[in-house]
1. Of everything in the stretch 22-51, what is without any contact (Cβ under 8 Å) to a residue 12 or more places away in the chain and open to solvent by less than 40 Å² (accessible area, probe 1.4 Å)? Give them in sequence order.
2. What do you reckon, is residue 118 out of contact with any Phe, Trp or Tyr (no Cβ under 9 Å at 6 or more places or on another chain), touching a residue at least 24 places away in the same chain (Cβ under 8 Å) and not hydrophobic (A, V, I, L, M, F, W, C)?
3. Taking the residues in the stretch 140-157 that are among the aliphatic types (A, V, I, L, M) and closer than 15 Å to residue 129 by Cβ as candidates, determine which candidate is least open to solvent (accessible area, probe 1.4 Å).
4. How many residues does the stretch 8-50 hold that are part of a helix (DSSP H, G or I), within 26 Å of the chain's Cα centre (by Cα) and among the aliphatic types (A, V, I, L, M)?
5. State whether one or more residues within the stretch 112-124 are within 23 Å of the chain's Cα centre (by Cα) and loosely packed, with under 13 Cβ neighbours inside 10 Å.
6. Which one is least open to solvent (accessible area, probe 1.4 Å), of the residues in the stretch 52-95 that are over 17 Å from the mean Cα position of the chain (by Cα) and β-branched (Val, Ile, Thr)?
7. Taking residue 104, is it within 30 Å of residue 13 (Cα to Cα), in contact (Cβ under 8 Å) with a residue 12 or more places away in the chain, open to solvent by less than 80 Å² (accessible area, probe 1.4 Å) and within 20 Å of the chain's Cα centre (by Cα)?
8. Give me the pairs, please: first residue somewhere in the stretch 79-100 and within 17 Å of residue 114 (Cα to Cα), second residue anywhere and assigned to a strand (DSSP E or B), beta-carbon distance under 6 Å, and either six or more positions apart or on two chains.
Amino acid sequence: MAELPTATAPSTTPDVTRALRQIEAAKLGVTEDVAECLDAIGDLIRITGAPASILAWAHHTLSRETLRQYAAQQHIKLHESRATDEEQLARVVVIWAADSDGLAILPGGQNPATSLLQLREEVAQRQEDQQRAADFQASVAAGHVEDVDSWHARVAQAAQ
């Protein structure tokens, strides 16, 4: 964790008071572990007097952990791009192996919450593609003789 500035005395600015009230309200509907985490965040807010900075740091940290856990569940290894500005990726790119494992290349410095959203989109697209392939194979096995484009047009029209 980065060094945080410390106040000489606990801050009582309106922003700090508001943030601490919101934390207390949030603790009413969470597990004990989450409540302890919120208490720790509240302590950092009291010490630093900088609720916006602490909340941004906490959001970034939790988003990064959520991204890491989601990638592990999907059997995807994460790698942050080190490309130069003119080569920089605009979004997450996933390279899938034949065994369904994947390698996700994240744009350098991108917010973990944005990377998580893009990674979920990539996984959903892969699942949709896999389902479409399985449906096409089932159509062929049932005796339909057509190319993928014709099949897709027929299925899409039937779905409407």
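The values are calculated or read from the model by the stated rules, or taken from the named source; none is laboratory data. Everything numeric here is computed off the predicted structure, so don't read it as measured data. For neighbour counting, all protein chains shown are included, and Cβ atoms are generated from backbone atoms with ideal geometry for every residue, glycine included. To get the accessible areas, we keep the full protein, side chains included, count just its heavy atoms, and leave off ligands, DNA and RNA. Shrake-Rupley method; radii C 1.70, N 1.55, O 1.52, S 1.80 Å.
1. The one that is without any contact (Cβ under 8 Å) to a residue 12 or more places away in the chain and open to solvent by less than 40 Å² (accessible area, probe 1.4 Å): 35.
2. When the stated conditions are applied, residue 118 passes them.
3. 156
4. So the count comes out to 12.
5. In the first step, residues of the stretch 112-124 are kept if they are within 23 Å of the chain's Cα centre (by Cα); the result is 112-124.
Among the residues that remain, those that are also loosely packed, with under 13 Cβ neighbours inside 10 Å are: 124.
Yes - at least one qualifying residue is present in the stretch 112-124.
6. For the stretch 52-95, the residue satisfying everything is 54.
7. no
8. Listed pairs, sorted by first residue: 79/105; 80/106; 81/105; 92/104; 92/106; 93/105; 94/102; 94/104.
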